[in-house]
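The next block holds one structure in the form of structure tokens; read it before the comments.
The values are calculated or read from the model by the stated rules, or taken from the named source; none is laboratory data. What you see is a predicted model; the values in this text were computed from it and never measured. Heads up, the Cβs are rebuilt from the backbone with ideal geometry, glycines too, and the neighbour counts pull from every protein chain shown. With ligands, DNA and RNA removed, areas are computed over all heavy atoms of the protein, side chains included. Shrake-Rupley method; radii C 1.70, N 1.55, O 1.52, S 1.80 Å.
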Amino acid sequence: IRGWVHDCETSHEACRLQTTNTLASCNMRVVDVTQRAVISYDIQERPDYVALSYVWGGAKQTPVVLNVPFPGKLPRTIEDAMEVTRGLGKRYLWVDGLCIDQNNEEHKRDQIAIMDRIYRDAWATIINLSGTSAESSIPRISGDFHVRQTTYTTHDGDHFISTPPALAAYIRQSPWSSRAWVLQEALLSRRRIFFTP
């Protein structure tokens, strides 16, 4: 994935992040995947974080205390997204259920008002297409989601190999695509990393 992103940054003008920071002084928070804690992210330079787009479902969102390490495991989608973030060489992950204070209406209102910028300025957005809740694992990161390619050999020695459906088909059929926020999250993200079954 890193190689693809390097090609994207060097070859596609639209994929390069603007040099101005539109999120300075927005009271934004991110998950520090190294410290395993939500921290303030009042940056003055270019943003350098990954965003997560997923289905909350019936999963209970973990209450967090700013700058205090998580007391235990988080929902599986979030744990997996933290692993992907580290694998991409990034330290910060924005997760709405953790980074927006769900118990503070003012903070929630202010963060919802800047979500367009949060997704637009993210280095990349991780999208879990197969998850039905935050407890779902991200395919190929954890869990048993390795898809085997079906092969068939005829009596004449001809080989046939199945191909996976196109990404558009996965998107149309996914629980993720039924969410209202998808339009904003998908369209505004400069770079999307889709995880499919």
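Of Asp116, Asp80, Asp110, Asp48, which residue is within 22 Å of Leu183 (Cα to Cα) and under 15 Å from the mean Cα position of the chain (by Cα)?
Going through Asp116, Asp80, Asp110, Asp48 in turn, just one is within 22 Å of Leu183 (Cα to Cα) and under 15 Å from the mean Cα position of the chain (by Cα): Asp116.
Out of everything in region 162-197 that is polar (S, T, N, Q) and either open to solvent by less than 40 Å² (accessible area, probe 1.4 Å) or not in a loop (DSSP other than H, G, I, E, B) (or both), what residue ends up being nearest to Ala81 (Cα to Cα)?
Across region 162-197, the extreme among qualifying residues is Thr196.
Counting residues that are buried (at least 20 other Cβ atoms within 10 Å of the Cβ), which strands (runs of 3 or more DSSP E) fully inside region 53-154 reach at least 1?
So the answer is 92-94, 124-128.
If only one of Tyr170, Tyr119 is touching a residue at least 60 places away in the same chain (Cβ under 8 Å) and aromatic (Phe, Trp, Tyr), which one is it?
Residue meeting the stated conditions: Tyr119.
In region 15-35, which residues are modelled with pLDDT under 75 and either open to solvent by 90 Å² or more (accessible area, probe 1.4 Å) or of a type outside the set (A, V, I, L, M) (or both)?
Cys15, Arg16, Gln18, Thr19, Thr20, Asn21, Thr22, Ser25, Cys26 - these are the residues of region 15-35 that are modelled with pLDDT under 75 and either open to solvent by 90 Å² or more (accessible area, probe 1.4 Å) or of a type outside the set (A, V, I, L, M) (or both).
Conditions: (1) touching a Lys or Arg at 6+ places or on another chain (Cβ under 7 Å); (2) more than 21 Å from Leu187 (Cβ to Cβ). Thr132 meets all but one. Number of the miss?
(1) is the only condition that Thr132 fails.
What are the residue pairs meeting all of these: first residue in region 72-94, first residue under 18 Å from Phe194 (Cβ atoms), second residue surrounded by fewer than 20 Cβ atoms within 10 Å (Cβ to Cβ) and at pLDDT below 95, Cβ atoms under 6 Å, and 6 or more apart or on different chains?
Final answer for the pair search is Arg76/Glu135; Arg76/Ser137; Asp80/Ser137; Asp80/Ile141; Asp80/Ser142; Glu83/Ile141.
For residues that are at pLDDT below 75 and among the aliphatic types (A, V, I, L, M), tally how many sit in region 36-56.
Residues meeting the conditions: 1.
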